[in-house]
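First up is the structure itself, then whatever we jot down about it.
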Amino acid sequence: MMINERFQGKRVLIVLDDVTTFEQLELLCRNPNLFGLGSVLIVTTRDAHLLKLVKVDYVCTMKEMDEKESKEEWKNELLKLERIPNDQVHRVLRISYDSLKDDMEKDIFLDICCFFIGKDRAYVTEILNGCGLYADIGIAVLIDRSLLKVEKNNKLGMHDLIRDMGREIVRQSSPRKLGERSRLWFHDDVHDVLTEYIGTENVEGLVLKSQRTDSVCFGTDSFKKMKNLRLLQLDRVNLIGNYENLSKKLKWVYWQGFTLNYIPDEFHQ
């Protein structure tokens, strides 16, 4: 009512910054004839889908500055970031993550953060669809929300700060108990979990790349409690023991340097 009374028929410039829900736009945009001729409404948002709902006249996608632009601005921004702790940066970035509608979209985001940056979009979509995550839709949503981008050759890309924010969400889910995190990608953490047999059914994805020139070896019983493991990537890692200990929910196994001559019969595929 206040908007109708004060602005009806007047030529106005309205800026709506960092819009996150359709309701924030609806009151101002549902009746374009409310304002006078020549009025301009500018909306900034991380969710391109909102702009489609209100049928805006023009969409401008902001591009990152290159190394030749705006050096003084970059210097000032870096000085400011030095005074802002990382947790505050993550808190701001997390707004887009928290606004995702369901756990499925969040799972897709976290999987890509931890395992699939730089991978082909169609390849990742097939894997995550195999996990029951409806990745065709989910990846499109993440792109609309500016949480994910498609780079050259259809590879999935993500800003380092957004990647770090996603990984921090996983870490904070169990700061002290490594084996209760949903995803494990940091070498030392994974090594400790496998060495100390502390992996639990919470673990859904694990990556281990040997940091030595030769292979490292673990027993398959290190995986015995990881009943919900669905994503596994190993590089120059040998596993000895009964392969029945590996999760029957595995959907993706990427194993470089596999030393056996054949896949053991007891390995559920």
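Per-structure values
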read-out: Subset of region 112-141 [touching a residue at least 40 places away in the same chain (Cβ under 8 Å) and closer than 20 Å to R46 by Cβ]; value: I112, C113, I117, V141
read-out: Residue within region 77-94 that is modelled with pLDDT of 90 or more, part of a loop (DSSP other than H, G, I, E, B) and of a type in the set (V, I, T) present; value: no
read-out: Tally, over region 181-198, of residues that are touching an Asp or Glu at 6+ places or on another chain (Cβ under 9 Å) and open to solvent by less than 80 Å² (accessible area, probe 1.4 Å); value: 4
read-out: Within region 150-176, considering residues that are open to solvent by 80 Å² or more (accessible area, probe 1.4 Å) and within 12 Å of the chain's Cα centre (by Cα), the one nearest to T20 (Cα to Cα); value: H159
read-out: Residues of region 1-33 satisfying the condition of being open to solvent by less than 70 Å² (accessible area, probe 1.4 Å) and in a strand (DSSP E or B); value: I14, L16, D18, V19
read-out: Residues of region 182-191 that turn out to be of a type outside the set (A, V, I, L, M, F, W, C) and under 16 Å from the mean Cα position of the chain (by Cα), as a count; value: 2
read-out: Which numbered condition K251 misses (of (1) open to solvent by less than 80 Å² (accessible area, probe 1.4 Å); (2) charged (D, E, K, R); (3) within 25 Å of C131 (Cβ to Cβ)); value: (1)
read-out: For V207: the one exception among (1) more than 28 Å from E105 (Cα to Cα); (2) open to solvent by less than 20 Å² (accessible area, probe 1.4 Å); value: (1)
read-out: Residue in region 209-219 that is among the basic types (K, R) and either in contact with a Pro (Cβ under 8 Å, 6 or more places away or on another chain) or closer than 30 Å to D98 by Cα (or both) present; value: no
read-out: Tally, over region 210-269, of residues that are in a helix (DSSP H, G or I) and touching a strand residue (DSSP E or B) at 6+ places or on another chain (Cβ under 9 Å); value: 4
read-out: Residues of region 36-68 satisfying the condition of being in a loop (DSSP other than H, G, I, E, B) and surrounded by 10 or more Cβ atoms within 10 Å (Cβ to Cβ); value: G36, S39, R46, D47, V54, V56, M65
read-out: Filtered residues of region 210-236 (kept if surrounded by 13 or more Cβ atoms within 10 Å (Cβ to Cβ) and under 13 Å from T195 (Cα atoms)); value: V216, F218, G219, T220, D221, S222, F223, K224
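The values are calculated or read from the model by the stated rules, or taken from the named source; none is laboratory data. What you see is a predicted model; the values in this text were computed from it and never measured. No Cβ is skipped: glycine too gets one built from the backbone with ideal geometry, and neighbour counts run over all protein chains shown. Heads up: the accessible areas ignore ligands, DNA and RNA and are worked out on the full protein's heavy atoms, side chains in. Shrake-Rupley method; radii C 1.70, N 1.55, O 1.52, S 1.80 Å.
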